[in-house]
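A short write-up of the structure that comes next.
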């Protein structure tokens, strides 16, 4: 039983062509991995990389965790030198869905500054039933889920414990919760038109005898393809007698499963120090903070903006436009933010509809007519339209003022359009 949503199938097929990891024939488009997750929710006996998309976690650079703002910067900088970069994959070094607020903010910033970029998530699937609808609303196009067994008994051998909804579960009980959540989460996402791939990490002598059954389960859930990976650990996590699959052995497993579901043949360990196509790897240079060497600043020799910020206390962008009784004015030039002054204004949401219709919004706008952009937490349709008439941009966020200003500059600089999902109309505006 394939749960794919047929109404979205044509759209999904077009998207697959732009994601190299979901198409064995796409050697042109590229992907970048953005590591934003610091926490984990599964402890594995064999140090399997439960949330890495075929991950290589050996280097310090790969283990660097980015803030949402740094992840957005890295993507925008990378796209300048690689116009065929079509996919931003959020993966590792921990489990992204165990760091959901960070994931949410990262996706929001990427959607605002690079709306054409496809979003991909790699996860162990434990929290998919909790966050599946959130992933859809955030605009994720692709999800890769690592499923290493469909047997709770084998899972008890692979996983030491899971941490789920504040509790730790061991052995068969924990493995069964993980499996049920993986299956239900994958099935739901696939039914909603999300392209899902299943990663299967083969541990010789542990789960290699059930690989075909896992691939059959992936097909039943609605997965587009499976990616069978060689996984052998070293050191303390490697029990005696654990053997590596040879290249021929791995190829044989994939060919055996090809009649069930399309297989990924070109997947190789990816990490956050590179951008990838199916047949090439482009390194990213890092500075001492772990950011791309050219990713921390925009070339702003000729860029300057003036902002009117709605804030209750001058620290947070935490106020509706219609409730503001003053605007905090800031200038941005050459990557420097400077506070200019505070300007008092009459609160727009007070007064009758007649007063508003008589043009009070335009009297308010005169207070900030020298500004390029208003930054606020929410704004209604009427003042939004009036600001647009005066060529004053609008940026909706809830953040520290300086961070919000930098976000807005990036959006203005890249000429990204306002995402209407972040412009919330309120009745008194």
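Bear in mind that the values in this text are calculations on the coordinates, not laboratory data. Because the structure is predicted, anything quoted here is derived from the model rather than measured. For neighbour counting, all protein chains shown are included, and Cβ atoms are generated from backbone atoms with ideal geometry for every residue, glycine included.
In plain terms, the residue of 333, 79 with the fewest other Cβ atoms within 10 Å comes first and the most crowded comes last, giving 333, 79. FRET efficiency for the pair residue 402 and residue 325, taken as 1/(1 + (r/R0)^6) with r the Cβ-Cβ distance and R0 = 22 Å, rounds to 0.50.
Packing, as the average of other Cβ atoms within 10 Å across residues, places the peptides 120-127, 199-206 in the order 120-127, 199-206, highest first. When each of the peptides 92-98, 149-155 is scored by the mean number of other C-beta atoms lying within 10 Å of its residues, the order from highest to lowest reads 92-98, 149-155. Computed from the C-beta positions of residue 133 and residue 333 and an R0 of 30 Å, the FRET efficiency is 0.10 to the nearest 0.05. The ranking of 321, 140 by Cβ neighbour count inside 10 Å, starting from the fewest, reads 140, 321.
For the pair residue 366 and residue 24, a Förster radius of 60 Å applied to the C-beta separation gives a FRET efficiency near 0.50, rounded to the nearest 0.05. The label-point distance for residue 391 and residue 160, in a model that sets each label 7 Å from Cα toward Cβ, rounds to 6.2 nm. Site pair residue 184 and residue 256 shows an inter-label distance of 3.2 nm when each label is modelled 7 Å from Cα along Cα→Cβ.
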